[in-house]
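First up is the structure itself, then whatever we jot down about it.
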Amino acid sequence: MLSALEQFAPLPLQESWDNAGLQVGLTEAEVSGALLCLDVTEKVVDEAVRKGCNLIVSHHPLLFRGLKTISDLTDVQRTVRKAIRQDVCVVSMHTNMDNAQGGVNFKIAEKLGLTDVTFLSPKRVGNVECGSGVVGTLESPMAADDFVLKVKRAFGVECAMTNELLRRPVSRVAICGGAGDFLLDDAVSAGADAFITGEMHYHQYFGYEQRIQICVIGHYQSEQFTTEVFRDIIQAQCPGVRTEMAETCTNPILYL
């Protein structure tokens, strides 16, 4: 199953700072069930055990850096210890899944009903076409305030952070799930009327008034449907493997 995920989103597609791939466990372990999630926490490991899953497939890596100690000093150390004790493997598909054809950003575009979706910042890794972000077209142009409401409904968010509302219709939309402000200028260059991402630095909002409609919906919220990408890959390539969507909400940010 790991090979199926890596065939869809090869590890060389990940960014240089990332640590996608096998996090905990042995690759030859027989899979009793796969729990699909965004983040790996102790509660997620507990849920996997409770549901009889000995594999967790996450978007965000449990291990971004090497551990010098495996004790109970941090949440990551405790989670690693629990996964090992419970014989649960952990695999993460992060920026390789962000950059893959049909990956995270294509799923976001699908949820918004965009058409003619292509990479926003395309590149090639070997003979594989990949890229950062995507850009596509709404089925029909809409006013900026209606567009923001459409995004909020599609992702079930309580609020969206935007710049000044655009005084022209929104038709072409650029997307980058997670922290995507590095692609804002690419979105403008691509002729996008709007740019959706999960989080953005404060100063990035300045200077884009009436150039592009910024819509920031939260890191977790923007990538919440990544588990559907995992499910579809596993069900297509490994139909005998049971998949479970994690019910544990790992979003650490509350809106009060």
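The values are calculated or read from the model by the stated rules, or taken from the named source; none is laboratory data. Model, not experiment: these values are computed from the prediction. Neighbour counts are summed over all protein chains in view; Cβ atoms, including those assigned to glycine, are modelled from backbone coordinates with ideal geometry. Accessible surface is based on the protein model in full, side chains and every heavy atom, while ligands, DNA and RNA are left aside. Shrake-Rupley method; radii C 1.70, N 1.55, O 1.52, S 1.80 Å.
Couple of notes before you dig in:
- Any hit, segment 115-136, residues being part of a helix (DSSP H, G or I), crowded, with 18+ Cβ neighbours inside 10 Å and not aromatic (F, W, Y): no
- Qualifying positions in segment 176-205 - open to solvent by 40 Å² or more (accessible area, probe 1.4 Å), outside any strand (DSSP E or B) and in contact with a His (Cβ under 8 Å, 6 or more places away or on another chain): none
- For first residues located in segment 194-211 and within 17 Å of L165 (Cβ to Cβ) and touching a residue at least 12 places away in the same chain (Cβ under 8 Å), partners that are exposed (fewer than 11 other Cβ atoms within 10 Å of the Cβ) and not small (G, A, S) and lie 6+ apart or on another chain with Cβ distances below 7 Å form the pairs Q210/R167.
- Single match in L73, L67, L63, L114 (criterion: in contact with a helix residue (DSSP H, G or I) (Cβ under 8 Å, 6 or more places away or on another chain) and over 23 Å from M1 (Cα atoms)): L67
- Segment 206-250, subset small (G, A, S) and buried (at least 23 other Cβ atoms within 10 Å of the Cβ), residue farthest from V57 (Cα to Cα): S222
- Leading residue by the ranking (least open to solvent (accessible area, probe 1.4 Å)) among those in segment 1-56 that are acidic (D, E) and assigned to a loop (DSSP other than H, G, I, E, B): D18
- Residue-level analysis places A100 outside the set of residues that are open to solvent by less than 30 Å² (accessible area, probe 1.4 Å), in a helix (DSSP H, G or I) and touching a residue at least 24 places away in the same chain (Cβ under 8 Å).
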